[in-house]
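J.: The following block contains the structure, expressed as C-alpha cells.
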Amino acid sequence: QLQLVESGGGSVLAGGSLRLSCAASGIMFSFYAMGWYRQAPGKQRELVAVIIRGGSTNYTDSVKGRFTISRDNAENTVWLQMNSLKPENTAVYYCTARYALNDYWGQGTQVTVSS
C-alpha cells in the first residue's frame with residue numbers, strides 16, 4: 001500500500017529553520033521524482049522544490065539559497081531543509097511522488113512562521 005508520510009512541520013520564528021521529512025512506502029522510490037509543494041491560506045498550491053531520480057534539483061525562485069531538497073533512496077526518504085524562514089513561507093507543505101502517469105501526495109504538514 002502506497003504511503004507518503006510527512007513530518008517535521010511546526011511553528012518557528014522568522015529566521016528560524018525546519019526540516020521536513022517524507023517517508024515513502026509501497027513504491028519503487030528510486031524511480032520517482034520527489035517534490036514538495038505548499039499551499040498557503042487563500043492561495044493556489046505551488047511547487048517548492050523537486051529532486052529527480054538522478055539527484056538534480058529545482059526550486060521555485062523565492063526559496064533558492066534558503067531551502068534544500070535531498071533524498072536517500074536506501075531510506076525511501078526525501079527531506080526539505082528550510083532555513084531563514086519568512087512569514088510568507090507559512091503553508092501546508094505536501095510531499096509528492098511522480099513517475100510516468102503515477103502521481104501521489106502525502107497528507108501535508110503545517111509550517112507556521114511568525115514575525
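The values are calculated or read from the model by the stated rules, or taken from the named source; none is laboratory data. Computed from a prediction, not measured in an experiment: that's the story for all the values here. Please note: Cβ atoms are built from the backbone with ideal geometry, for glycine as well, and neighbour counts cover all protein chains shown. When the accessible area is computed, the model is the full protein with side chains, heavy atoms only, and any ligands, DNA or RNA have been set aside. Shrake-Rupley method; radii C 1.70, N 1.55, O 1.52, S 1.80 Å.
J.: Which of the strands (runs of 3 or more DSSP E) contained wholly in segment 11-115 include at least 3 residues that are farther than 29 Å from residue 1 by Cα?
T.: Result: 109-114.
J.: Condition first: aromatic (Phe, Trp, Tyr) and within 15 Å of the chain's Cα centre (by Cα). Now tell me which residues in segment 72-115 satisfy that.
T.: Within segment 72-115, 79, 93, 94, 104, 105 meet the criteria.
J.: Among 32, 37, 93, 99, which is the only one that is more than 27 Å from residue 113 (Cα to Cα), crowded, with 20+ Cβ neighbours inside 10 Å, in contact with a Phe, Trp or Tyr (Cβ under 8 Å, 6 or more places away or on another chain) and not hydrophobic (A, V, I, L, M, F, W, C)?
T.: 32
J.: Among the residues of segment 67-91, what is the count of those that are of a type outside the set (Phe, Trp, Tyr) and touching a residue at least 60 places away in the same chain (Cβ under 8 Å)?
T.: 8
J.: Let me ask something else. State yes or no: is residue 1 out of contact with any helix residue (DSSP H, G or I) (no Cβ under 8 Å at 6 or more places or on another chain) and modelled with pLDDT under 95?
T.: Answer is yes for this residue.
J.: With the condition kept exactly as written, say whether any residue in segment 58-65 is at pLDDT 95 or above and crowded, with 16+ Cβ neighbours inside 10 Å.
T.: Within segment 58-65 (the criterion being at pLDDT 95 or above and crowded, with 16+ Cβ neighbours inside 10 Å), the answer is yes, since at least one residue qualifies.
J.: Just to check your reading of the model, which residue among 106, 55 is out of contact with any helix residue (DSSP H, G or I) (no Cβ under 9 Å at 6 or more places or on another chain), open to solvent by less than 20 Å² (accessible area, probe 1.4 Å) and in contact (Cβ under 8 Å) with a residue 12 or more places away in the chain?
T.: None of the other options fit; the residue is 106.
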